[in-house]
Structures are given as structure tokens and as C-alpha cells.
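What follows is a single structure, written as C-alpha cells, with notes after it.
Coordinate-derived values only; no laboratory data. Note that the structure is predicted; figures quoted are calculated from it, not measured. Glycine also receives a Cβ, built like all others from the backbone with ideal geometry; neighbour counts cover every protein chain displayed.
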Amino acid sequence: MDSISIRKATISDVPSLVRLRRLMFESMGHKNPELLEAGDIAAAGFFKQFIPTKEYQGWVAEDSTTGEIVSNIGAVIDHHPPGPNNLTGKIAYLMNLCTLEEYRRQGIARKLLEAALEWAKGMKVSRVSLHATEIGRDLYEQLGFTQTNEMRLKFEKS
């Protein structure tokens, strides 16, 4: 972990963000190369648009011995009407926490997650949500995340 530094993601990190995001989707079972490629292109456009405006916040873990980005996490703030359980209406949504396999189990993902949570606290959000994979669930639970009753409807392409 001594050679790993955590820092905010920049435009120059977009290729690494896209690469790690694709790795995350592949590890979740997505196999269609055309859809993965289309997702890569769309994600690169998203990062290029929203990193400069700070609507997307990202953090990367960089190995100083190789200069390689070995892990990342991202966050956005969703705005909802305020209610009794969320007076600001702000919900931070964390995404794309992915670590290269050879760097796992070293505390890197935890450091990135903690950086994102500190940012969320500073943004005065009432709630943080994410979608957990099996590999990440234990870490999220250690930091206080609990399961919810979210439901989803997916529209098929027309």
C-alpha cells in the first residue's frame, strides 16, 4: 500500500476510468463485446463532460512505481424533493468501485470508499446509496451500508 496514492480523478484519467468500468461490468457477467464497446464510448463521453463540471466526482488509486491507475470510485449527487427523511433532497450515489485483481485485499477500495464518503459528508447529503456486487458487499457492510427494498423497471431498446 506504500506505493499507492489516492487522488481526485482528472480528464487525463478517462481511459483508466473506462477500462476499470469495463472490467467491473465483465466481472459482473456482461459478455457482449458490442454492448461493452458502446458502453465504453458512452462512458468516456460522460466522464469528459461531467468531470470538468464536477457533476461527476471520481477518485483513483495510482501505483507510484508503475504510474498505473489500479482502482477507482465515482460519485454523483441525485436531487430529489426534500422529505421528512431527507431534508436536503440530496442523495449521493457511489459507482464504479473496481480494483485490479492483483491489488485487491490491500485496503485500496476501503481508502477510495472513505474518500468518497468524506466528500459526500462535505456535500451535506442525507443518504448515500450504491449497488453492491458480491465481492464488495462485505466492505460496504463494514462501513455501515444496509440492504434496501429498491425495485427496478427496465425499458427494452425499441
Most mobile listed residue (91, 51, 135) in the chain, GNM with C-alpha springs under 10 Å: 135
message: Residues of segment 19-55 with backbone nitrogen within less than 13 Å of a virtual label 7 Å along the Cα-to-Cβ line of residue 68, please, listed as ranges.
response: 20
statement: What the Cα atoms of segment 4-142 span along the principal axes, largest first and in whole Å, is 45, 33, 29
message: So if each residue of separation counts as 0.36 nm, and I subtract the Cα-Cα distance between residue 12 and residue 156, what length gain in nm does that give?
response: 48.5 nm
field: For residue 97, distant residues with modelled amide H under 5 Å away
entry: 74
- prompt: In nm, to one decimal, how far is the residue 37 label point from the residue 135 one, both placed 7 Å along Cα→Cβ?
  reply: 2.4
- prompt: Arranged by the count of other C-beta atoms within 10 angstrom, fewest first, what order do 59, 119 take?
  reply: 119, 59
Mean Cα-pair separation over length for the chain, i.e. relative contact order, pairs under 8 Å, 6 or more apart, %: 22
message: Please rank 7, 21, fewest neighbouring Cβ atoms within 10 Å first, as an exposure proxy.
response: 7, 21
query: For 2, 138, what ranking results if the residue with the fewest other Cβ atoms within 10 Å of its Cβ goes first?
result: 2, 138
- line: Within the chain, the percent of DSSP beta bridges that are antiparallel, given to the nearest 5, stands at 90
